[in-house]
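The values are calculated or read from the model by the stated rules, or taken from the named source; none is laboratory data. Quick caveat, the model's predicted, so the values are computed rather than measured. Counting neighbours? That spans all protein chains shown, and the Cβs are built from the backbone with ideal geometry, glycine included. To get the accessible areas, we keep the full protein, side chains included, count just its heavy atoms, and leave off ligands, DNA and RNA. Shrake-Rupley method; radii C 1.70, N 1.55, O 1.52, S 1.80 Å.
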Amino acid sequence: MAKISLLLVVVLVSLSAYLRLAHSGIGCGDWPACYGQIGAPPTVSQPVSSEDAYRQMVEDANQPMAWATPLHRLVASVLGLLILFLVFLSLRHKRQRLVSISLLALTVFLAILGMSSGSLHSPAVVMGNLAGGFTMLGLLGWMVFNPESTAIESRRSRGIRAMAILAIAALCLQIFLGGLTSANFAATSCQTLPDCHGGWLPGKSLVDAMDLSRVHEVTSQGQAIGGEERLAIHKAHRLGALLAFAIIIIAAIMALRTDRRYRLTGIVILVLLMMEFTVGVTAVLTSLPIGLAVAHNWLASLLLLALLRLLVLSRGTRQ
């Protein structure tokens, strides 16, 4: 039951990323001019021919919301039922009770957030959905990988465990910075590599980018207005990527250099890390197509699961 729920959460995280990114304008027709179109542009009343009306109907049917939103709701509904059943099984068998109850609380929180939030463009809503989704992913991953059995620890296992915890913390920080980059419509703010238009450090404007209570101001055309905070959060996201890359690669190398129990997980972490880094760089060089933007989120979720697997393995040899 936990494995099926984990699979659905991975799908849900990817769908949520797609909806959030598509709703913000990534991948739109006149990209990147349409990025951050969160208000209603002025309408001009004019007669519409039947041919134009048909064309508009076809275009609306091809919009991401036409298929992704119902699918997202369906997956979320099935997941909610599975979580309820998982809590029942957990309480009945007296195993993983705290984790299952936490999953139920997160499910209720995300459901309330989805029903009460009026806009996907609120920074608080974006970060609430992101944090809730990845926390569910982590809890289910822990439930799947950790069967609550006794273990014998070695000194080497304790070293890997400490590094795995540090790597998970660095990845979570990077996911947080990525969410803020999306919430501030800053994905295209830096279009040069490795620096950001001659700069490296975020600066004082980073505080503004981290303000979740901020409401985006829009122009008369419905475009979100941004300033130096966009550059600041994008720079912070890049610096966070370098930090996370260094820590995670050390954890993977430590896993590869120990016994064979860790090697497969170490290889998976290395492959996912290289793919994530490559996708991030390629997204900047190719003006951020929505497919790469979604893959960036999806690979982050898989990397989190791989690091959780390493953490569980480092607890010792199961008896």
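Odds and ends about this structure:
- The chain, accessible surface, carbon-and-sulfur percent (1.4 angstrom probe): 66 percent
- As a ratio to 2.2 N^0.38 Å, the alpha-carbon radius of gyration computed for segment 241-319 takes the value 1.22.
- Tilt relative to the chain, helix 97-116 - C-alpha long axis, 0 to 90 degrees, to 10: 0 degrees
- Note on residue 166 and residue 30: with the Förster distance fixed at 41 Å, the Cβ-Cβ geometry gives a FRET efficiency of about 0.40.
- Note on residue 225/residue 249: beta-carbon distance plugged into 1/(1 + (r/R0)^6) with R0 of 45 Å gives a FRET efficiency of 0.70.
- Highest average packing first - 298-305, 195-202, Cβ atoms within 10 Å: 298-305, 195-202
- Rg ratio for segment 217-273: its Cα radius of gyration over 2.2 N^0.38 Å, N being its residue count, equals 1.90.
- For segment 204-305: accessible area per residue (Å², 1.4 Å): 51 Å²
- Ignoring lysines fewer than eight residues from residue 3 along the same chain, the ones with Cα atoms less than 30 angstrom from its Cα are 94.
- The peptide list 260-269, 104-113, 211-220, put in order of mean Cβ contacts within 10 Å with the highest first, becomes 260-269, 104-113, 211-220.
- In this calculation the C-beta distance from residue 239 to residue 78 is compared with R0 = 41 Å, giving a FRET efficiency of 0.60.
- Helix axis angle, 260-285 relative to the chain longest principal axis, alpha carbon, degrees: 20 degrees
- Kirkwood Rh in Å, taken over segment 133-275 so that all alpha-carbon pairs contribute: 17.6 Å
- For the pair residue 212 and residue 261, the difference between a 0.36 nm per residue extended length and the Cα-Cα distance amounts to 13.4 nm.
- Stokes-Einstein translational diffusion, the chain - Kirkwood Rh over all Cα pairs, 0.890 mPa s, 25 °C, in µm²/s: 115 µm²/s
- Spin-label model, residue 112 to residue 4: label points 7 Å out along the Cα-to-beta-carbon direction sit 2.8 nm apart.
- Cross-link partners of residue 204 among lysines (Cα-Cα below 17 Å; sequence separation of 8 or more within a chain): 235
- Cα point-scatterer Debye curve for segment 65-144, base-10 log of I(q)/I(0) at q = 0.15, 0.17, 0.19 Å⁻¹: -0.57, -0.71, -0.86
- When segment 77-118 is reduced to its Cα atoms, the Kirkwood hydrodynamic radius in Å: 10.7 Å
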